[in-house]
Amino acid sequence: MLEALVRRRQTPRGLATRARIILLSADHPELTLTEIGAKVGLCDDTVSVWRRRFNQHGVQGLGDAPKSGAPRSILDQDVEQVVRLTLDTLPKDATHWTTRSMARASGMTQSAVYRIWQAFGLRPHLTSSFQLSKDPLLIEKVRDIVGLYLAPPDRALVLCVEEKPQIQALERGSATFPLRPGQEERTGHTYVRHGTTTLMAALDAKVGSVIGKCYPRHRALEFKDFLQEIDQRVPEELAVHVILDNYITHKTKTVQDWLVAHPRFAFHFTPTSGSLPDGLTQSMRKRPR
């Protein structure tokens, strides 16, 4: 076993050296502690310690002893208290716990609270919302839309269309000074209001390109004009599959008549109360300049 420890490449260097000490002592009993230490690169006192450890405990005695350290300061009941307070209570003067307020309530340090939250995946400062769709055709619509994204038809373009209304049309009221070495770009704080605008956008999720246009109002007439914009910018040989939500302007007679006149377009509506599956709404949050 000692020879195997010395030959094996995965053996830690310290353990292999201790095994060599025992092998040299057994094969060459005439060697002194100093001579053995010279061969393995250790002092004679260290050689004596490992020979004594081997005589007392065998091969197991050549391993590292448990290292001493500071006793654990955070007990299981302390961790349980922080987790319970986070899940079951709210602070009196705030809407959610912070590491500072939890540290005051639990009597622990802020860093300890942070480590406990990290370990248990607790994030009290975040809130997410969800909507359960009651659409009777939920499964069919989900399969239809997901299928379009995963396996789009040949010679076809899949677009996700969405509107972002009530965007403030702001214009900078002062000059902008460019970036210079040691100085960031600077601009004034004043701006001129030009009312609001509506951004209509069609995202090609496969390549990430967007067809966008702004309108002063948000009606079926503007949506029809945007469809014509898409029709002009998409090559005629491609069919166009449009994924969109159930907003009323998407289903008016004006839009339906336009679809009849443009048979290469096909609408795919998301489930009722369901959001667009590709996150186009989030990508439209930036204000157009």
**Study point:** Set Val82, Val49: member being assigned to a helix (DSSP H, G or I) and within 16 Å of Gly14 (Cβ to Cβ)
**Key:** Val49
Review point. Somewhere in segment 110-132, is a residue over 25 Å from the mean Cα position of the chain (by Cα) and either surrounded by 13 or more Cβ atoms within 10 Å (Cβ to Cβ) or not assigned by TED's automatic domain parsing to the domain that holds Ile211 (or both)?
Key: no
Review point. Exactly one of (1) surrounded by 12 or more Cβ atoms within 10 Å (Cβ to Cβ); (2) not in a loop (DSSP other than H, G, I, E, B) is unmet by Asp257. Its number?
Key: (1)
Check your understanding: In the list Thr281, Thr249, Thr270, which residue meets the criterion of being farther than 24 Å from Val146 by Cβ, at pLDDT below 95 and of a type in the set (Val, Ile, Thr)?
Key -> Thr249
Review point. Does Thr95 meet the test of being among the polar types (S, T, N, Q) and either exposed (fewer than 13 other Cβ atoms within 10 Å of the Cβ) or closer than 30 Å to Thr127 by Cβ (or both)?
Key: yes
**Study point:** Filtered residues of segment 186-229 (kept if in a loop (DSSP other than H, G, I, E, B), touching a residue at least 40 places away in the same chain (Cβ under 8 Å) and under 16 Å from Lys164 (Cα atoms))
**Key:** His218
Review point. Do we have any residue at all in segment 57-66 that's loosely packed, with under 12 Cβ neighbours inside 10 Å, within 30 Å of Thr109 (Cβ to Cβ) and modelled with pLDDT under 90?
Key: yes
Review point. Tally time: how many residues in segment 135-185 are under 29 Å from Lys213 (Cβ atoms), surrounded by 11 or more Cβ atoms within 10 Å (Cβ to Cβ) and among the acidic types (Asp, Glu)?
Key: 3
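From Leu148, Leu157, grab the single residue that is in the same structural domain as Lys206 (by TED's automatic domain parsing), touching a residue at least 40 places away in the same chain (Cβ under 8 Å), in a strand (DSSP E or B) and more than 24 Å from the chain's Cα centre (by Cα).
Leu157
Does segment 67-77 contain at least one residue that is exposed (fewer than 13 other Cβ atoms within 10 Å of the Cβ), out of contact with any His (no Cβ under 6 Å at 6 or more places or on another chain), closer than 30 Å to Met1 by Cα and at pLDDT below 90? Walk me through how you get there before you give the answer.
Going residue by residue through segment 67-77, those that are exposed (fewer than 13 other Cβ atoms within 10 Å of the Cβ) are 67-73, 75-77.
Those left that are additionally out of contact with any His (no Cβ under 6 Å at 6 or more places or on another chain): 67-73, 75-77.
When the remaining residues are screened for being closer than 30 Å to Met1 by Cα, the result is 67-68.
Add one more test, that the residue is at pLDDT below 90, and what stays is 67-68.
Yes, there is a match, as at least one residue in segment 67-77 is exposed (fewer than 13 other Cβ atoms within 10 Å of the Cβ), out of contact with any His (no Cβ under 6 Å at 6 or more places or on another chain), closer than 30 Å to Met1 by Cα and at pLDDT below 90.
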Review point. Only one of (1) farther than 30 Å from Ala151 by Cβ; (2) in contact (Cβ under 8 Å) with a residue 12 or more places away in the chain fails for Gln183. Which number is that?
Key: (2)
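Yes/no matrix, rows are residues, columns are (1) out of contact with any Asp or Glu (no Cβ under 7 Å at 6 or more places or on another chain); (2) loosely packed, with under 15 Cβ neighbours inside 10 Å; (3) on the phi < 0 side of the Ramachandran plot:
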{"position": "Ala202", "(1), (2), (3)": "yes, no, yes"}
{"position": "Ile243", "(1), (2), (3)": "yes, no, yes"}
{"position": "Ala261", "(1), (2), (3)": "yes, yes, yes"}
{"position": "Phe267", "(1), (2), (3)": "yes, no, yes"}
{"position": "Thr270", "(1), (2), (3)": "no, no, yes"}
Study note, to complete from the structure: Restricting segment 83-128 to residues that are aromatic (Phe, Trp, Tyr) and closer than 22 Å to Ser73 by Cα, the one modelled with the lowest pLDDT turns out to be Phe120
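The values are calculated or read from the model by the stated rules, or taken from the named source; none is laboratory data. Since the model is a prediction, treat every value here as computed from it, not as a measurement. Note that we place each Cβ from the backbone using ideal geometry, even for glycine, and neighbour counts take in every protein chain shown.
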